[in-house]
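The values are calculated or read from the model by the stated rules, or taken from the named source; none is laboratory data. Fair warning: this is a prediction, and the values are worked out from it, not measured in the lab. Neighbour counts run over all protein chains shown; Cβ positions are idealised from the backbone, glycine included. To get the accessible areas, we keep the full protein, side chains included, count just its heavy atoms, and leave off ligands, DNA and RNA. Shrake-Rupley method; radii C 1.70, N 1.55, O 1.52, S 1.80 Å.
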Amino acid sequence: MVVNSNLLNIYKQYREKKLAHAYLIETNNPSKLLEDLKTLIKAINCPEEYQEKCLNCNLCNLINKNNLPSLITIEPDGTSIKKGQIEDLKISFETKPIYSKYNTYIIMNAEKLNGSSANAMLKFVEEPTEGILGFFITNNKDVIIPTIKSRCQVLVATYESNNILDKLNITAEELNNYQTIIKDYLNKIKDISLINNKELILSKISERKEIETLFKIIFEIFYHNFLRNIKKDYEQNLTYVYKEENNNKIIKQLNIITKFLQDLSYNVNIELLLDKFVIEMRNIHG
Ligand SMILES: [Zn+2]
């Protein structure tokens with residue numbers, strides 16, 4: 001089974017009949033972890049002798065389609081996980097599962113449980129019912145409400161990646177679109193007026209989050225360039241690399257990009273930031 005090695009321990013516990021009723025898992029890559037958890041849940045519940053990509057049984061097919069009634073994944077509704085979401089979960093799990101051995105719940109962003117939803121959740125972890133298995137997923141186990149944390153087995157599942165797609169959580173196609181905008185933008189940065197400069201970006205994207213991603217990619221492009229100059233291998237799927245041979249300049253440029261991203265996170269007006277960025281970049285070129 002190809003899953004994170006710490007999750008394999010859970011499978012081992014299952015085989016030894018030592019499965020905990022709830023796990024708290026800290027991870028740096030929640031979407032990868034969720035995929036791994038589904039694999040684990042298939043392996044635990046599959047009525048056939050589970051093999052990678054079991055296509056034989058109804059259960060594995062239902063999990064693949066996110067359609068297994070006894071597997072419920074809860075994500076924050078807005079900024080928090082609401083009490084109602086937990087109440088619904090409880091009602092769903094009053095009946096024994098049909099296709100699987102366990103009723104399984106997965107709470108994504110478990111740090112977003114608020115006072116009342118955490119309270120509603122406590123019953124599951126305080127008085128564990130036979131046949132219910134729970135996973136609390138978080139990026140920081142230290143901020144999980146202690147009453148829940150203390151009743152879970154705590155694991156850390158770290159995924160290593162140098163891949164920009166993983167790092168920024170975007171698809172290859174999205175990266176490609178961003179790079180097309182960036183290429184046009186950086187090539188013209190010295191030559192056209194501030195207004196036209198902004199427009200190169202703002203005519204294509206306007207969400208703060210998208211602009212953040214765009215500038216994170218710009219950072220990666222300059223950083224990649226820098227590493228290439230100092231002759232280090234650095235694996236990336238960037239197709240566009242900004243040509244600048246002078247490392248001192250690149251370091252200054254990296255500082256400007258970092259400052260831009262910092263200001264962006266402080267909610268500074270985007271148009272002002274874009275103007276400032278262009279002016280500072282031009283100053284470096286002299
Ligand atoms: Zn199966």
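For the range 39-159, averaging the sequence separation of C-alpha pairs within contact (under 8 Å, six or more residues apart) and dividing by the residue count gives a relative contact order of 23 percent. Under the rule of at least 5 residues apart or a separate chain, name every residue whose amide H is placed under 5 Å from the amide H of Gln153. Counting only residues 5 or more places away or on other chains, the set is Ala22, Tyr23, Leu24. For the pair Arg208 and Arg15, the difference between a 0.36 nm per residue extended length and the Cα-Cα distance amounts to 64.7 nm.
So what's the range 5-157 giving for Rg/Rh, alpha carbon basis, Kirkwood Rh from the mean inverse pair distance?
On the way: Rg = 14.6 Å, Rh = 15.6 Å.
Across the range 5-157, the Cα-based Rg/Rh ratio is 0.94.
For the chain, the longest principal axis of the C-alpha atoms and the axis of helix 270-285 are separated by about 50°. For the range 171-179, the Karplus equation 6.51 cos²θ - 1.76 cosθ + 1.60, evaluated at θ = phi - 60°, returns couplings of 8, 4, 5, 4, 4, 4, 4, 4, 5 Hz by residue, with Gly and Pro reported as x. The relative contact order of the chain, computed from alpha carbon pairs under 8 Å that lie at least 6 residues apart in sequence, is 18 percent. The solvent-accessible area of Asp191, taken with every protein chain present and a 1.4 Å probe, is close to 120 Å².
Put Glu173, Glu87, Glu199 in order of accessible area, highest first, and with a 1.4 Å probe you get Glu173, Glu199, Glu87. For Asn187 and Asp77, the difference between the fully extended length at 0.36 nm per residue and the C-alpha to C-alpha distance is 35.4 nm.
Can you pull a Stokes-Einstein diffusion coefficient for the range 164-285 at 20 °C (1.002 mPa s), Rh from Kirkwood over Cα pairs, as a whole number of µm²/s? Don't skip to the end; give the middle numbers.
On the way: Rh = 14.7 Å.
After rounding, the answer is 146 µm²/s.
What are the aspartates and glutamates whose alpha-carbon lies under 18 Å from the alpha-carbon of Lys198, with same-chain residues fewer than 8 places away excluded? Straight-distance partners of Lys198: Asp184, Glu207, Glu210, Glu212, Asp263, Glu271, Asp275, Glu280.
Antiparallel versus total DSSP beta bridges in the chain: what percent is that, nearest 5?
Details: 1 of 21 bridges.
Here the share of antiparallel DSSP bridges comes out near 5 percent.
Ranking Arg228, Arg151 from most to least accessible surface, computed with a 1.4 Å probe over the protein chains only, gives Arg228, Arg151. Expressed in Å, the radius of gyration and Dmax of the Cα atoms of the chain are 23.9, 72.
Amide H to amide H distances under 5 Å link Asn114 with Ile81, where only residues 5 or more positions off or on other chains count and H is placed in the peptide plane.
For the range 5-10, putting each phi into the Karplus relation 6.51 cos²θ - 1.76 cosθ + 1.60 with θ = phi - 60° gives couplings of 4, 5, 6, 4, 4, 5 Hz, in residue order, rounded to whole numbers and with x for Gly and Pro. In sequence order, the range 151-158 has phi-based couplings of 9, 10, 7, 9, 10, 10, 10, 9 Hz under the Karplus curve 6.51 cos²θ - 1.76 cosθ + 1.60, θ = phi - 60°, and Gly or Pro positions carry x.
Estimated at the nearest 10 Å², the accessible area of Tyr99 is 100 Å² with a 1.4 Å probe. Candidate cross-link partners of Lys112 among the lysines, defined by an alpha-carbon separation under 25 Å and a same-chain spacing of 8 or more, comprise Lys32, Lys38, Lys82, Lys83, Lys90, Lys123, Lys141, Lys149, Lys167, Lys209. Isolated cysteines in the chain, defined as those with no second cysteine Cβ under 4.7 Å, comprise Cys46, Cys57, Cys152.
Modelled spin labels at Lys65 and Leu261, positioned 7 Å past Cα toward Cβ, are 4.1 nm from each other. Counting only alpha carbon atoms, the long axis of helix 208-229 and the longest principal axis of the chain meet at about 70°.
Please identify the trypsin sites (Lys or Arg not before Pro) of the range 46-136 that satisfy two criteria: DSSP loop assignment and at most 15 other Cβ atoms within 10 Å. Which are they?
Listed in order of number, the matching sites are Lys53, Lys65.
Excluding ligands, DNA and RNA, the accessible surface per residue across the chain is 55 Å² with a 1.4 Å probe. In this structure, the amide hydrogen of Thr104, modeled 1.01 Å from its nitrogen in the peptide plane, lies closer than 5 angstrom to those of Leu71, Ile72, Leu133, counting only residues at least 5 positions away or on a different chain.
The heavy atoms of His21 offer some 60 square angstrom of accessible surface to a 1.4 angstrom probe. Of the solvent-accessible surface of the range 48-203, computed with a 1.4 Å probe and all protein chains present, 47% belongs to carbon and sulfur. Each Lys and Arg Cβ is given +1 and each Asp and Glu Cβ -1; about its Cα centre, the chain then shows a dipole of about 340 debye.
Angle of helix 83-92 to the longest C-alpha principal axis of the chain, folded into 0 to 90 degrees and rounded to 10: 40°.
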